[in-house]
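For reference, the structure discussed in these notes is given below.
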Amino acid sequence: MEAKKSPEADLTKKSGLFLNIGFVISLSLVLFAFEYKSYDDGSLMELAAVNDDFEEMTEIPPTEQPPPPPPKIQQPEIIEVPDEEEIEEDIEVDLDIDITDETVIEEAIFEEPEEEEVADEIFTIVEKQPGYPGGMGAFYKYVQKKMKYPSQARRMGIEGKVFVQFVVDKSGNITDVKVIRGVGAGCDEEAARVIRNSPKWSPGKQRGKSVKVRMVLPITFKLS
């Protein structure tokens, strides 16, 4: 046998359903209220479509800055210096020598220091060169007279110049004779012998004093 439903039980179930439906509708209205945007009605204007004559922009010239003022020139201050005052003071000089009107003061004589001469200094160029008595022409006549042509050089037909170096000392004597360039075959030794046996020369002079001078002379060997 089917049970019979009471109207109060049906009303209770429906009231719960209506409550849920109302809650959903209220929540929907709240969300719609937050999401709804309102726009003011007005005529929209496109900027590109506006035909308006804008005023020409006036070019503003750059502002000229005035130059800085020149620096102030400070004139030198002139300070007056008082004249030097003369101080009169008696100065006593105590001398060990009694000076009278008849005292004669001798002039001081200053001796110049003697120039130190370098020992054994040999010059190559001096103010006055050494000289053979009678000149160089007489010297070569002496060489021609005293020189003997070496037999070996004559047989071999050797000719040429032998350069002999020597020193004329302060007394005019010939020293330190040696051949610096020769031709050989006895010519070098003969040239040195003739120079070594040469008479005295007049010595060379430097600042008025006799000095040693080194010289080089050529001696010519030539077959006739």
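Every residue, every condition in (1) under 26 Å from Ile122 (Cβ atoms); (2) surrounded by 17 or more Cβ atoms within 10 Å (Cβ to Cβ); (3) of a type in the set (D, E, K, R), yes or no:
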{"site": "Lys148", "(1), (2), (3)": "no, no, yes"}
{"site": "Met156", "(1), (2), (3)": "no, no, no"}
{"site": "Gly184", "(1), (2), (3)": "no, no, no"}
{"site": "Ile195", "(1), (2), (3)": "yes, yes, no"}
{"site": "Arg207", "(1), (2), (3)": "yes, no, yes"}
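Quick one: count up the residues across the stretch 164-174 that are within 19 Å of Tyr140 (Cα to Cα), over 49 Å from the mean Cα position of the chain (by Cα) and not aliphatic (A, V, I, L, M).
The initial filter retains those residues of the stretch 164-174 that are within 19 Å of Tyr140 (Cα to Cα), namely 164-168, 172-174.
The next check asks that each one be over 49 Å from the mean Cα position of the chain (by Cα); those that pass are 172-174.
Narrowing the set further to residues that are not aliphatic (A, V, I, L, M) leaves 172-173.
Of the residues in that region, 2 qualify.
Find the residue count for the stretch 175-224, including only residues that are in a loop (DSSP other than H, G, I, E, B) and within 48 Å of the chain's Cα centre (by Cα). Step through it out loud before you land on a result.
Filtering the stretch 175-224 down to residues in a loop (DSSP other than H, G, I, E, B) leaves 182-186, 197-201, 203, 207-208, 222-224.
Keeping just the survivors that are within 48 Å of the chain's Cα centre (by Cα) gives 207-208.
Total meeting the criteria: 2.
Read-outs throughout are calculated quantities, based only on the coordinates presented, and are distinct from any laboratory measurement. This is a predicted model, so every value here is computed, not measured. No Cβ is skipped: glycine too gets one built from the backbone with ideal geometry, and neighbour counts run over all protein chains shown.
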